[in-house]
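Working notes for the structure below.
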Amino acid sequence: MVGENHLYVWDDRFLYLTGAIVAGITRRYTVTLLVSLGDQGFTLGDARGKEQDYQAALVGHDVPRSLDARRAPLLSLNFDPQSYEYHSLTAMLGRHAVRPVILQQGALSRQSIAAAGRGELDNASLFRLTTSLPRALSDYRPTRMPMDMRVIHIAQKIKKELPLTSTLEELGAEVGLSAHRLTHVFSDKLGISIKSYTLWARMRRAVELIARGDSLSEIAYDVGFSDGAHLARTLKHFFGLTPSYVAKGMKVHML
């Protein structure tokens, strides 16, 4: 069902399909939906080493977890705070760090997953897959989300202006807020600090540049790290992947 490892990256989400993966403790600034594509499931471990098996699970943002998905192919769908799904799934998690979930029967099209696992599914169908899977969770309910275009604008600017970065004062002035007020509004609306969001944006850009074939030293400079070793450690902390694995072990699609 899954041939090569494929990573599909949009502006506010990414989809990872792999035939098998094992990762130590990582913590992402996304809400993650993990779905086993086989009967054997996968294992998640917490920071204390306690492990549990799942067929499908939701993992909250910034939750430390290890992953063992050697027994079956895995789908990992990640929503960042700029997406609507991030907030709906966070509400579904409630106070749970990790929650087992059930997909409605027929929610996963074997034909679509197989095509995505070969890198052959068209862009529109890929994106529709990312929006349909959350709605197929048995307890999913849409949530009311207060819209603040100032925060959405700043989140997009942080991603798109990298490797350049604006100060908090400059960002706030752009939307008519003081630096202090912007910090509060951003955290309140997206559930993540500007500092953490900027680091997340840098990691996303690093993955893109690694896949493009840039050197670690060039990428480290581009995304604001002191050296390639620091970048490599941070990348593994976020994704559980080494730069060499991203460069040689997976196909990255920036959509």
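The values are calculated or read from the model by the stated rules, or taken from the named source; none is laboratory data. Model, not experiment: these values are computed from the prediction. Note that each Cβ is placed from the backbone with ideal geometry, even for glycine, and that neighbours are counted across all protein chains shown. SASA here: full protein model, heavy atoms, side chains in, ligands and nucleic acids out. Shrake-Rupley method; radii C 1.70, N 1.55, O 1.52, S 1.80 Å.
Brief remarks follow.
- Pairing residues of segment 38-61 that are free of Cβ contacts under 8 Å to residues at least 40 places away in the same chain with residues that are of a type in the set (Phe, Trp, Tyr) and open to solvent by 20 Å² or more (accessible area, probe 1.4 Å), at Cβ distances under 9 Å and at least 6 apart in sequence or on separate chains, gives Gly41/Tyr54; Phe42/Tyr54; Thr43/Tyr54.
- Selected residue (only one of Pro163, Pro146, Pro142 is over 30 Å from Arg99 (Cα atoms), assigned to a loop (DSSP other than H, G, I, E, B), at pLDDT below 95 and of a type outside the set (S, T, N, Q)): Pro163
- Taking segment 137-161 as the range and being among the charged types (D, E, K, R), within 20 Å of the chain's Cα centre (by Cα) and open to solvent by 70 Å² or more (accessible area, probe 1.4 Å) as the test, only Lys160 passes.
- When Arg212 is tested against (1) at pLDDT below 90; (2) open to solvent by 30 Å² or more (accessible area, probe 1.4 Å); (3) closer than 25 Å to Ser88 by Cβ, only condition (3) is not met.
- One residue from Tyr86, Tyr29 being of a type outside the set (Gly, Ala, Ser) and either more than 28 Å from Ala155 (Cβ to Cβ) or touching a Pro at 6+ places or on another chain (Cβ under 9 Å) (or both): Tyr29
- Segment 146-180 - residue that is touching a helix residue (DSSP H, G or I) at 6+ places or on another chain (Cβ under 9 Å) and touching a residue at least 60 places away in the same chain (Cβ under 8 Å) and, of those, farthest from His87 (Cα to Cα): Pro163
- Scanning segment 15-27 for residues being within 23 Å of Phe127 (Cα to Cα), open to solvent by 10 Å² or more (accessible area, probe 1.4 Å) and part of a strand (DSSP E or B) gives a total of 1.
- Members of segment 101-118 that are under 22 Å from Asp139 (Cβ atoms) and without any contact (Cβ under 8 Å) to a residue 60 or more places away in the chain: Ile102, Gln104, Gln105, Gly106, Ala107, Ser109
- Per this entry, Glu218 is not counted among residues that are touching a strand residue (DSSP E or B) at 6+ places or on another chain (Cβ under 6 Å), in a helix (DSSP H, G or I) and either open to solvent by 60 Å² or more (accessible area, probe 1.4 Å) or at positive phi (or both).
- The residues of segment 179-193 that are surrounded by fewer than 21 Cβ atoms within 10 Å (Cβ to Cβ) and either in contact with a Leu (Cβ under 8 Å, 6 or more places away or on another chain) or in a helix (DSSP H, G or I) (or both), listed by number, are Ala179, His180, Arg181, Thr183, His184, Val185, Ser187, Asp188, Lys189.
- Search result, residues across segment 75-115 that are in a loop (DSSP other than H, G, I, E, B) and open to solvent by 40 Å² or more (accessible area, probe 1.4 Å): Gly94, Arg95, His96, Ala97, Ile102, Gln104, Gln105, Gly106, Leu108, Ser109
- Matching entry among Gly172, Gly176 (being more than 22 Å from Val223 (Cβ to Cβ), assigned to a loop (DSSP other than H, G, I, E, B) and open to solvent by less than 70 Å² (accessible area, probe 1.4 Å)): Gly176
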